[in-house]
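A quick write-up on the structure given underneath.
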């Protein structure tokens, strides 16, 4: 029995998370938010007071951790049954994640962890290298993007709604810098998978993006 996989790759702020979660819910498929994987491992390692330079210890934590994603109105990430969603955005989590994300042995374990999410009735996988590295044989691939200005506007609006002060010009330049880093990195750079459906969501509503992807699957 072939397990269908839909990969949705693209830069930060293109709407991948929202679109992927809604599709997973609509299709009744499993959901993988690959961006949370390294941060979840960082939280697990910090909880166990593991030395972040001890590769073997980090690998052991990675192998033992159990991750789950729940697609409600907001994404809920569970690590070994505990809701860690609020901890994912913490600065110490991000710092620890960036240290362990460069370790090849850790990347190998987490690659397998991501591939283990491929289960019936299907999987929607959201990230930057889902269609190129993690699920290169996926039958359905999408590359979702939007202009850096539009992505900055969306982020600005989100921050304002949370009562956080933000500068639109600075957000735009930060997004452009992150894109450059993601595209130029040596390991699993951000790129469009061969045969992927290209969608620019700059001027599209979420519903219109979802309809395009559902047509691809049907």
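The values are calculated or read from the model by the stated rules, or taken from the named source; none is laboratory data. This one's a predicted model, so the numbers in the text were calculated from it and none came from an experiment. When we count neighbours, we look across all protein chains shown, and the Cβ atoms used for this are built from the backbone with ideal geometry, even at glycine.
Of the residues making up the range 22-33, those that are in contact (Cβ under 8 Å) with a residue 60 or more places away in the chain and either touching a strand residue (DSSP E or B) at 6+ places or on another chain (Cβ under 6 Å) or part of a strand (DSSP E or B) (or both) number 7. Remark: pairs (first residue in the range 99-114, outside any helix (DSSP H, G or I); second residue surrounded by fewer than 16 Cβ atoms within 10 Å (Cβ to Cβ); Cβ separation under 7 Å; 6+ apart in sequence or on different chains) = 103/55.
With the structure loaded, tell me whether residue 94 is under 17 Å from the mean Cα position of the chain (by Cα), without any contact (Cβ under 8 Å) to a residue 60 or more places away in the chain and under 20 Å from residue 187 (Cβ atoms) or whether it fails that test. Give the derivation first.
Details: under 17 Å from the mean Cα position of the chain (by Cα): yes; without any contact (Cβ under 8 Å) to a residue 60 or more places away in the chain: yes; under 20 Å from residue 187 (Cβ atoms): yes.
Against the criterion (under 17 Å from the mean Cα position of the chain (by Cα), without any contact (Cβ under 8 Å) to a residue 60 or more places away in the chain and under 20 Å from residue 187 (Cβ atoms)), residue 94 qualifies.
The set of residues from the range 155-168 being surrounded by 11 or more Cβ atoms within 10 Å (Cβ to Cβ) and assigned to a helix (DSSP H, G or I) comprises 155, 156, 157, 158, 159, 160, 168. The residues in the range 169-188 that are in contact (Cβ under 8 Å) with a residue 24 or more places away in the chain and in a loop (DSSP other than H, G, I, E, B) can be counted, and the count is 2.
Can you name the residue in the range 169-202 that is under 17 Å from the mean Cα position of the chain (by Cα) and surrounded by fewer than 12 Cβ atoms within 10 Å (Cβ to Cβ) and is also modelled with the highest pLDDT among such residues? Filtering first and then ranking leaves 181.
Quick one: which of 40, 53, 36, 12 is touching a strand residue (DSSP E or B) at 6+ places or on another chain (Cβ under 6 Å) and modelled with pLDDT under 95?
Values: 40 fails: modelled with pLDDT under 95; 53 fails: touching a strand residue (DSSP E or B) at 6+ places or on another chain (Cβ under 6 Å); 12 fails: touching a strand residue (DSSP E or B) at 6+ places or on another chain (Cβ under 6 Å).
Testing whether each residue is touching a strand residue (DSSP E or B) at 6+ places or on another chain (Cβ under 6 Å) and modelled with pLDDT under 95 leaves just 36.
Would you confirm whether or not the range 58-70 contains a residue that is touching a strand residue (DSSP E or B) at 6+ places or on another chain (Cβ under 7 Å), assigned to a helix (DSSP H, G or I), touching a residue at least 40 places away in the same chain (Cβ under 8 Å) and crowded, with 21+ Cβ neighbours inside 10 Å? Looking through the range 58-70, none of the residues is touching a strand residue (DSSP E or B) at 6+ places or on another chain (Cβ under 7 Å), assigned to a helix (DSSP H, G or I), touching a residue at least 40 places away in the same chain (Cβ under 8 Å) and crowded, with 21+ Cβ neighbours inside 10 Å.
For the subset of the range 72-91 comprising residues that are under 17 Å from the mean Cα position of the chain (by Cα) and assigned to a helix (DSSP H, G or I), which member is surrounded by the most Cβ atoms within 10 Å (Cβ to Cβ)? Checking each candidate, the answer is 87. Check the range 35-54 and report whether any residue there is within 30 Å of residue 196 (Cα to Cα) and surrounded by fewer than 20 Cβ atoms within 10 Å (Cβ to Cβ). Yes, because at least one residue in the range 35-54 is within 30 Å of residue 196 (Cα to Cα) and surrounded by fewer than 20 Cβ atoms within 10 Å (Cβ to Cβ).
On the stretch given as the range 189-212, residues that are closer than 18 Å to residue 13 by Cβ and in a helix (DSSP H, G or I) total 4.
Can you say whether residue 102 is under 18 Å from residue 127 (Cβ atoms) and loosely packed, with under 14 Cβ neighbours inside 10 Å, as far as the supplied structure shows? Steps first, answer last, please.
Details: under 18 Å from residue 127 (Cβ atoms): yes; loosely packed, with under 14 Cβ neighbours inside 10 Å: yes.
Yes: the conditions hold for residue 102.
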